[in-house]
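My questions all concern the structure below.
The values are calculated or read from the model by the stated rules, or taken from the named source; none is laboratory data. If you're wondering where the values come from, they're calculated on a predicted model, not measured in any experiment. Here Cβ is always computed from backbone atoms with ideal geometry, including for glycine, and neighbour counts include all displayed protein chains.
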Amino acid sequence: MDYREERLARNEVLFRNVNEQIEQAAMSQGTDEHVYEFFCECSNIDCSLRLPLTLGVYEEIRSDPRLFVVAPGHELPEIEVVIRRNTEYHVVRKQGEAAELVAARDPRS
Ligand SMILES: [Zn+2]
């Protein structure tokens, strides 16, 4: 993996860590059906888009350490493939070395 790809993957890990904290706080109050504003987990460190997701959907994505949620169009084909598309968000799966990097940094592993 080249330096750029590693940096991009690290940025996504940062956003995931923030979302993990949002989810932890939300789970203490809400149910799976509650919608919360999660950060777009794309590789652009300046992105501040929020994505409305239910806790249930976010938890499903988080159950695989290689999956991230991004705004439509924020996927990066160099390091990930889109596995689910809808109008509000895309779910992407990291490929190759980027997948290993993000899995190793999963706060739940
Ligand atoms: Zn984004």
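Show the residue pairs meeting these rules: Cβ distance below 7 Å; 6+ apart or different chains; first residue within region 65-81 and touching a residue at least 60 places away in the same chain (Cβ under 8 Å) and in a strand (DSSP E or B); second residue of a type in the set (Gly, Ala, Ser) and more than 10 Å from the ligand (Cβ to nearest atom).
Short answer, once both residue conditions are applied: none.
If Ile45 satisfies every condition in (1) near the ligand (Cβ under 10 Å from one of its atoms); (2) in a strand (DSSP E or B) but one, which is the exception?
Status for Ile45: all satisfied but (2).
Right, next: Which of the residues belonging to region 20-42 are in a strand (DSSP E or B) and either in contact with a His (Cβ under 9 Å, 6 or more places away or on another chain) or among the charged types (D, E, K, R) (or both)?
Glu37
Does Asp106 satisfy the condition of being at pLDDT 90 or above and away from the ligand (no atom under 15 Å from the Cβ)?
Working: at pLDDT 90 or above: yes; away from the ligand (no atom under 15 Å from the Cβ): yes.
Here the answer is yes, as Asp106 does meet what is asked.
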